1. Here are the criteria: (1) over 24 Å from the mean Cα position of the chain (by Cα); (2) modelled with pLDDT of 50 or more; (3) part of a loop (DSSP other than H, G, I, E, B). Tell me which single one GLY46 does not satisfy.
2. Looking only at helices (runs of 4 or more DSSP H) that lie completely in segment 188-243, which have at least 1 residues being within 28 Å of PRO79 (Cα to Cα) and at pLDDT below 70?
3. Please enumerate the residues belonging to segment 49-60 that are assigned to a loop (DSSP other than H, G, I, E, B) and not small (Gly, Ala, Ser).
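The values are calculated or read from the model by the stated rules, or taken from the named source; none is laboratory data. Everything numeric in this text was worked out from a predicted model, so none of it was measured.
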Amino acid sequence: MKGPPGKRWNVSQRNTATDHLSLFTLHFSLFTLFMHRVLIIEDEPGLVMALTQRLKSEGYAVEAAGDGEEGLSRGAAEPFDLIILDLMLPLKSGFDVCRDLRQRGINTPIIMLTARGQVVDRVLGLKLGADDYLTKPFAMLELLARIEALLRRTGASTPSSAGSRSAPELYRFGSICVDFRRTAVIRDNHPVELSAREFKLLRYLIEHFGVTVSRDELLNEVWGYNTLTTTRKAMASTSRASS
């Protein structure tokens, strides 16, 4: 890493800058990892754009599919935390997409959207496996509230609930599951090997997700070091825990 023109950095300054860069990379990796993935299956470009912009501003990672076939393929093959599904879609209706996802064992929460407000449509959607139903036009705040309620119901933490908290026994985000009772981490159905210290670090960061955690705080709370202690081993563990 080079310093400003005309200025030499000594070894201590370079090490400090490297440490800060490592922590920044760790926080960025964890932020991306913890973002809940939402799949929007909708063929109206304007609505897709509005939903995508608002959900991203609320801290969600958003993907979109423009027809029922693509939506079914992505919803069945990729790990999403929630699906927003339009009823009237090209190639395959929202009813068919919802039914096929459930038949394939996909239990991702589904909010169904439709311009048809008949009771029979709502009942059919719920019977086919949808978790909630919104009639167009709808208020964005109501959709956000329903998303948060569904994620709470499934045991996931929402972006708006970020901050210092006690970690639940089971924490899921994307394809990763952290079991605090068994001190185990599973990613894509495969165990992830972590040392006891690395697992403690992961737990601490989950409990403080959404909060800026300094290097000194990590050293004090996770390693039990004084802030003047060298940070070489700490940086090695944070690198592994974020990978």
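1. The single condition GLY46 does not satisfy is (3).
2. By residue number, 232-241.
3. Matches in segment 49-60: GLU58, TYR60.
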